[in-house]
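Laboratory data are not the source of any read-out in this text; all were calculated from the coordinates shown. Quick caveat: nothing in here was measured; it's all calculated off a predicted structure. Ideal geometry is used to build each Cβ from the backbone, glycine not excepted, and the neighbour counts take in all protein chains shown.
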Amino acid sequence: MNHRLTPRTIFLLTLPPLLWAGNAIVGRLVHDMLPPVLLNFLRWSIAFVILLPLAGPVFRREIGLWRHWKTYAVLGLLGIGMYNALQYMALQSSTPINVTLVASGMPVWMMLTGWLFFDVPVSRKQVVGAVLSIAGVLLVLARGEWQRVLELRLVAGDLFMILATIAWSLYSWLLLRVKEPAAVRANWASFLLAQVAFGVVWSGGFALGEQALGAIAVQWSWPLAAALLYVATGPAIVAFGCWGAGVREAGPSVGAFFVNLTPLFTALLSSAFLGEAPHGYHAAAFALIVGGIVVSARRG
């Protein structure tokens with residue numbers, strides 16, 4: 001498949017990292033106001049209500065969506081039910097900068113996922129780039145002290161974010177394999193709503209499980225309501241719509257490069273809203289990760 005970057009594609013793939021950086025900041029700000037999995041469920045429930053008037057007819061029998069319900073159930077599980085819930089869980093014990101930097105290892109997982117499950121060949125340059133990117137992620141996990149790598153004790157949030165990144169890699173490759181009906185493909189809102197409908201079911205089930213395990217009580221307030229509205233519109237509807245369109249135009253591997261803008265945006269927003277200034281090892285890790293992606297993306 002021939003993918004190339006255009007100004008439109010660059011915009012489509014740059015806006016989501018900015019919105020996702022804001023999502024990480026907001027997730028950290030409200031982490032003690034409500035449980036993380038419930039936050040994910042409420043976020044996508046609001047998004048479902050917003051999308052329904054835009055694309056409600058997608059559920060009509062004649063559209064043909066239900067013939068492919070298994071595909072959309074898997075997309076809803078990976079991209080909505082798992083990825084975002086795991087990210088909010090990560091923000092319970094890790095900072096937004098660390099979370100987004102760990103997620104910057106996504107090109108590695110994207111490459112491995114394509115190779116293992118979708119028969120996409122891996123070049124030597126991609127392997128070298130993967131090693132550099134992994135080194136960057138390890139630097140974050142070791143908090144800037146290489147000698148700690150051998151005795152690395154991962155924060156729970158780091159592990160959650162690694163799992164989230166793997167889920168997102170699978171989701172992004174599956175976006176290229178979806179054989180949706182023409183009526184669904186023609187409208188970005190229809191394609192997203194088809195995923196959200198199943199994702200809400202998944203995330204609702206996960207939220208019930210979280211409550212059964214003894215989650216904290218929700219502390220309702222106007223700031224929390226504003227936070228929910230933001231994460232349901234910007235990082236959810238707008239970002240997912242742009243990401244889906246951008247990945248289809250540029251491909252998952254190129255899209256993964258743009259995901260690495262998220263730590264830069266997050267560092268700026270963290271400094272502005274959380275007072276969490278980045279450390280030197282954050283810059284070094286980002287340089288390694290981006291360097292790895294540049295190497296792997298080069299052509300002979």
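Here is how the numbers come out for the structure above:
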read-out: Extreme residue, positive dipole direction of the stretch 7-297, given options Gln195, Asn98, Phe286 (C-beta unit charges); value: Gln195
read-out: Kirkwood Rh (inverse of mean 1/r, distinct Cα pairs), the stretch 1-136, angstrom; value: 17.9
read-out: Mean Cβ count within 10 Å, highest first, over the residues of peptides 85-98, 225-238; value: 85-98, 225-238
read-out: For the stretch 175-286, diffusion coefficient by Stokes-Einstein and Kirkwood Rh (Cα), 25 °C, 0.890 mPa s, µm²/s; value: 141
read-out: Cα pair distances exceeding 37 angstrom across the stretch 7-297, given as percent; value: 11
read-out: When the stretch 91-131 is reduced to its Cα atoms, the Kirkwood hydrodynamic radius in Å; value: 11.5
read-out: Spacing of the two label points (7 Å from each Cα toward its C-beta) at Leu213 and Leu268, in nm; value: 3.6
read-out: Check: the chain dipole with +1 on Lys, Arg Cβ and -1 on Asp, Glu Cβ, in debye; value: 880
